[in-house]
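S.K.: Pasting in a structure now, in structure tokens, and then I'll have a few things to ask.
The values are calculated or read from the model by the stated rules, or taken from the named source; none is laboratory data. Just so we're clear, the structure is a prediction, and the values are computed from it rather than from any experiment. Reconstructed Cβ throughout: ideal geometry from the backbone, glycine too, with neighbour counts over all protein chains shown. With ligands, DNA and RNA removed, areas are computed over all heavy atoms of the protein, side chains included. Shrake-Rupley method; radii C 1.70, N 1.55, O 1.52, S 1.80 Å.
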Amino acid sequence: QVHLVESGGGLVQAGGSLRLSCAASGLTSSDYAMAWFRQALGKEREFVAAIISNTYYADSVKGRFTISRDDARNTVYLQMSTLEPEDTAVYYCAARPLTGVIGTIRREYDYNYWGQGTQVTVSS
């Protein structure tokens, strides 16, 4: 059974940094595309970043966020810097098979497995 468990969320001031972690069990993260999505209150869930052999980012976070993976720990990270109040959201870790991933890596409904989410709040 697959489990994705996020951690590292919290309250931070604008301009600050946080690092989110996603610990995966029941799958080998290097065999999947791993991604972060986020959902702000009253808004739809949106793509943030993903990693396979390359990394992919939403334009809104490019240059501020970095996704990485530690295969030995089966864990994916999202380093977030220069945070803005607009980054406030629940952040979700997700995983999907690599089949057909190119061109669809930002597509939410292709992800089979999801974590429970971790809240990130950025105060102004």
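S.K.: Sort through Thr104, Thr99 and tell me the only one that's part of a loop (DSSP other than H, G, I, E, B), closer than 25 Å to Gln1 by Cα, among the polar types (S, T, N, Q) and open to solvent by 70 Å² or more (accessible area, probe 1.4 Å).
M.R.: After applying the criteria, what remains is Thr99.
S.K.: Oh, and also: So if I check each of Leu11, Leu78, which one is out of contact with any helix residue (DSSP H, G or I) (no Cβ under 9 Å at 6 or more places or on another chain), open to solvent by 30 Å² or more (accessible area, probe 1.4 Å) and either on the phi > 0 side of the Ramachandran plot or hydrophobic (A, V, I, L, M, F, W, C) (or both)?
M.R.: Leu11
S.K.: In the list Ala14, Ala49, Ala40, Ala35, which residue meets the criterion of being of a type outside the set (Ser, Thr, Tyr) and over 24 Å from Ser123 (Cα atoms)?
M.R.: Of the residues listed, the single one that is of a type outside the set (Ser, Thr, Tyr) and over 24 Å from Ser123 (Cα atoms) is Ala35.
S.K.: Taking into account only those residues within segment 107-118 that are under 14 Å from the mean Cα position of the chain (by Cα) and among the aromatic types (Phe, Trp, Tyr), which is surrounded by the most Cβ atoms within 10 Å (Cβ to Cβ)?
M.R.: Among residues in segment 107-118 that are under 14 Å from the mean Cα position of the chain (by Cα) and among the aromatic types (Phe, Trp, Tyr), the one surrounded by the most Cβ atoms within 10 Å (Cβ to Cβ) is Tyr111.
S.K.: So if I check each of Thr121, Thr66, which one is open to solvent by 70 Å² or more (accessible area, probe 1.4 Å), at negative phi and not in a loop (DSSP other than H, G, I, E, B)?
M.R.: Exactly one of Thr121, Thr66 is open to solvent by 70 Å² or more (accessible area, probe 1.4 Å), at negative phi and not in a loop (DSSP other than H, G, I, E, B), namely Thr66.
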